[in-house]
Structure formats: structure tokens, C-alpha cells
1. Looking at B:Ala170, B:Ala160, B:Ala190, which one is touching a residue at least 60 places away in the same chain (Cβ under 8 Å) and among the aliphatic types (A, V, I, L, M)?
2. Residues of the range B:319-371 being out of contact with any helix residue (DSSP H, G or I) (no Cβ under 9 Å at 6 or more places or on another chain) and under 28 Å from B:Gly284 (Cβ atoms), which ones?
3. Do you know which of the residues in the range B:223-242 that are at pLDDT 90 or above and exposed (fewer than 14 other Cβ atoms within 10 Å of the Cβ) is farthest from the chain's Cα centre (by Cα)?
4. With A:Ala45, A:Ala82 as the choices, which residue is more than 14 Å from chain B (Cβ to nearest Cβ) and among the small types (Gly, Ala, Ser)?
5. Name, by its number, the condition in (1) out of contact with any Lys or Arg (no Cβ under 6 Å at 6 or more places or on another chain); (2) in contact (Cβ under 8 Å) with a residue 12 or more places away in the chain that does not hold for B:Phe146.
6. Return the pair list, or none, for Cβ contacts closer than 8 Å from residues in the range B:45-66 that are surrounded by fewer than 13 Cβ atoms within 10 Å (Cβ to Cβ) to residues that are not in a strand (DSSP E or B), at least 6 apart or on different chains.
7. Among (1) in contact with a Leu (Cβ under 9 Å, 6 or more places away or on another chain); (2) surrounded by fewer than 14 Cβ atoms within 10 Å (Cβ to Cβ); (3) modelled with pLDDT of 90 or more, there is one condition A:Gln52 misses while meeting the rest; what is its number?
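The values are calculated or read from the model by the stated rules, or taken from the named source; none is laboratory data. Here the structure is a predicted model, which is why all the values come from computation and not from measurement. All Cβ positions, glycine included, derive from the backbone under ideal geometry; neighbour counts span all protein chains shown.
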Amino acid sequence: MLSAILTVLLQATAGAAIGQVGAALGAALAAIGAGMGIGKIGAAAMEAIARQPEASGDIRSNLIVSAALIEGVAFFAVIVCALVLFV
Amino acid sequence: MLKTAKVFLIILALSIVNFVPLGAQHANEHISEEQETHTEESFNAGKFVIDHVSDAYDWHIASFGDKHISIPLPIILYSKNPDLHNGKGFHVFMSSKFHHGHSDYKGFRISHSEEFEGKIVELDAQGSEIGKPIDISITKTVAGIFASVVILFWIFLTVARNAKNNKGKAPSGLQNLFEPIIIFIRDEIAKEAIGEKEHERFMPFLLSLFFFILVNNFMGLIPIPPFGANVTGNIAVTMVLALFTFGVTTISGNKHYWKEIYNPDVPWWLKFPIPLMPIVELSGVITKPFVLMVRLYANMLAGHMIVTVFVSLIFIFTSLMGTAAGFGISPVSVAFSVFILLLDVLVSFIQAYVFTLLSALYFGMATSEHH
């Protein structure tokens, strides 16, 4: 009974673009993760600049470096998803 | 009040009327699909975008229906079966001989098969594809690198000459523009990350890296040849840059650096019998340049793809709803493209800065003393 259900399920999904759905979902989740991470960094940087405006140059450089590192990881996930879609 | 209502109704009626041809169009499309071969293909957005951001054997400028305007580039091949080509191993010819992928030349062809799509393949005596020769052609990306190298040499030889002539005086001319940037890289990136003592021997590499990435990023944004080649959005180029960083880090690693990798200051059970920490550290050594490569590649490729997608919106709307819709969407499309291009200028700066900063940090870690 269970194997019959599984066979039917397999035949239904064979050729279905379930891999493409997975890739698109993965890219979307990576975008959400990057957005949340960089948002937190930005919030902390704003607060730090508000507390000590003289240090804003230092804080700005650190903000940009951290944002670029987080974005790098997100782009990693996007590239993997793109490879799934197009290769 | 009545006047605005009438105007609104007219506009509403006109937009509804535009949808009527759609139904007729769909019916016509199914009938004439078999007859359409080369002309009047519907616009394939995915292929358009990928073609515009990928490497190519000639520098394509514009197409008018069937006519293509492009700059041919040299193709340099080394065949592993010289007996198929009258005993000649090396082949050099211009890419115009391929006529944009429609004809063969001297036993070579740009393949359209699944396996070798877009690449040059060798043909045997019967005309079937056997494999790829060793391909060291000057493709669009390579030509773009040559163009950027010419610009870099011109800029920096001028700056150096100005600096020599201005010894003891205030900077002037092109030197005035580049000296603050060079000082920024020396003080904020190299001295901060590597330290006062060791930073000077890494400065040439860091400066070359920063300006190479910056100039190539900018050149990718200008669509006019010789500028519009997507150099840094090509994973081979960024892989080589990351390999350079990896090579310099490995060569200049001192004893303390290798000790931290193979014998870090952790509890003994993480190192013996299964060397867990050394495995983690070694994977870190490989991962850090790899992430450098992917970060620059993905940032630049994404920027170029987004601009191309916004421009191709015009063609998608035209093929779906007629020329009027295409004209209507053009201002929106161009405005978005300009916005994304400006964002890309900022991203170019940031990516060049981050690549250089992280390379400097790795050099600093490689040459740091025990504290």
C-alpha cells in the first residue's frame, strides 16, 4: 500500500520542476538571511555613531567590511541555487 | 469633474482595447509556430541576458534582425590531432570566419550541441564533433583585460612621472587624484592589517589588486567598446586573483602561521588521534580565497545581470503586448537601469576595497609574530 503510494508519487514528480522550486526557495531564504544580518549590523552602527559621532569614520569602515562579508556568504548560496537552475 | 471622468474612461477603453489583439496573437502563434524558423523568433529573455554577461569569441555591438555588427577577435587554437588539419598544430584566425556560429572553418566549428554549447570543437573527416582543441583565443574578456591594462599603465606611468617631477612640491595633475587613494590603501588597509614593519613589501601587490579590480569593475559598466566587457564577472578572472592572494599568503607565511594551522593552542584531544583542529584550519586556508573569488564574481555578475534584465523588459513587453507597451515601459526601464548602474558604481568601489582589505588581513595573519 505504502509502496504503491510512493510509486505514484514518484511518477507524478518525475519531470516536475521540484528541483527548480527548491533552488528558488533557497535563493529567497539566502536573501532573507542576508537582509536580517546586514540590518542588525546597520542598526548597531547607527547606534554607535549616535553615541560617539567622532568615531563615525571608523564605524563606517567596519560597517562596510562586515556587510560585504555577510553579503559574500549570501552570494555563495545564490550561486549554488543558480547552478542548480542552469546546470 | 465630468471632463476628468471622460478622460479616465477614454484611457481605460484604450488600455482594454490593447488586450484584444493578444487573443488573436495567441491563436496565430500556434498556427505559424512550425513555419517560423530564423526570422521573427519570439524574444528569449534568459538567452539574451546570459549572452550579454558571458564571454564570447567576438565583440558583439548591435544586431538589426539578421545583420550583426561585431568586432572579430583572434582565435588561437592548438589541435591535439594535427593529422586532421594537414599536419598543422597551431591555428590562428579571426572569429569572423565562423560567421557567428553558422559555418565551419578548417575543421573547427562553434558547437551547438548539448555537451559543448558555445565552445569551439574539432571535426573529424566525416564532420562529427570529436572534442575540444586547446583554446587560448583572445576572447571578449581577454580583450577587455588588455584594454584595462593599457588604461592602468597609462594612468600610473603618468602619476609616477608627475611624482618624480614634483619632488618636494605639492602634487599636481593626475597625481593629485591618485595620491590620496594610494595613501589610503597604505595607511588604512596595509598598515592597519599587516603592521608598520612588514607592510611595504606587500604594497605593490595590494595596489595592483585594488586598481585592477576597480578599473575593470568600472569598465564593465560602460556599454561602449572597448569598455563593456564583463571582466570581473567572470569566475576565471576572479579565481586567478584569489589564487594570487592564496599564493602570496602561503609563500610569505612564517613559522608562527603554520604552527597556528597544524598545532594550534587547543586541548590535546582536538589534535590527536584525529587532527580535528588542523583539518578545520586547513579547510579555512582553502575557503578564504574561495570566498574572495565568489564574492567579487557574484557581486559583479549580479549587477550586470540586473541591468540587462531591466533593459530586456522593454523587449519582453513588446513581444507580449505590442510596440506601444514597449514604448510605454521604456522610461521606467531606463530609469531603473540608471539607478542600478549607479548602485553598481558604489558596489565596484566596495568590492575592490573589500578584496584588498581581506587580502591584506590574510597577509597580516601570515606574517604576524607571536603576541
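1. Matching residue, one of B:Ala170, B:Ala160, B:Ala190: B:Ala190.
2. Within the range B:319-371, just B:His371 meets the criteria.
3. Across the range B:223-242, the extreme among qualifying residues is B:Val240.
4. Details: A:Ala82 fails: more than 14 Å from chain B (Cβ to nearest Cβ).
From the options A:Ala45, A:Ala82, the qualifying one is A:Ala45.
5. (2)
6. Pairs found: B:Gly65/B:Thr39; B:Asp66/B:His38; B:Asp66/B:Thr39.
7. Only one criterion in (1) in contact with a Leu (Cβ under 9 Å, 6 or more places away or on another chain); (2) surrounded by fewer than 14 Cβ atoms within 10 Å (Cβ to Cβ); (3) modelled with pLDDT of 90 or more is unmet by A:Gln52, namely (1).
Yes/no per residue for (1) in contact with a helix residue (DSSP H, G or I) (Cβ under 9 Å, 6 or more places away or on another chain); (2) within 21 Å of B:Val49 (Cβ to Cβ); (3) not small (Gly, Ala, Ser):
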site: A:Met1; (1), (2), (3): no, no, yes
site: A:Leu10; (1), (2), (3): no, no, yes
site: A:Gly22; (1), (2), (3): yes, no, no
site: A:Ile32; (1), (2), (3): no, no, yes
site: A:Ile38; (1), (2), (3): yes, no, yes
site: A:Ala45; (1), (2), (3): yes, no, no
site: A:Glu71; (1), (2), (3): yes, no, yes
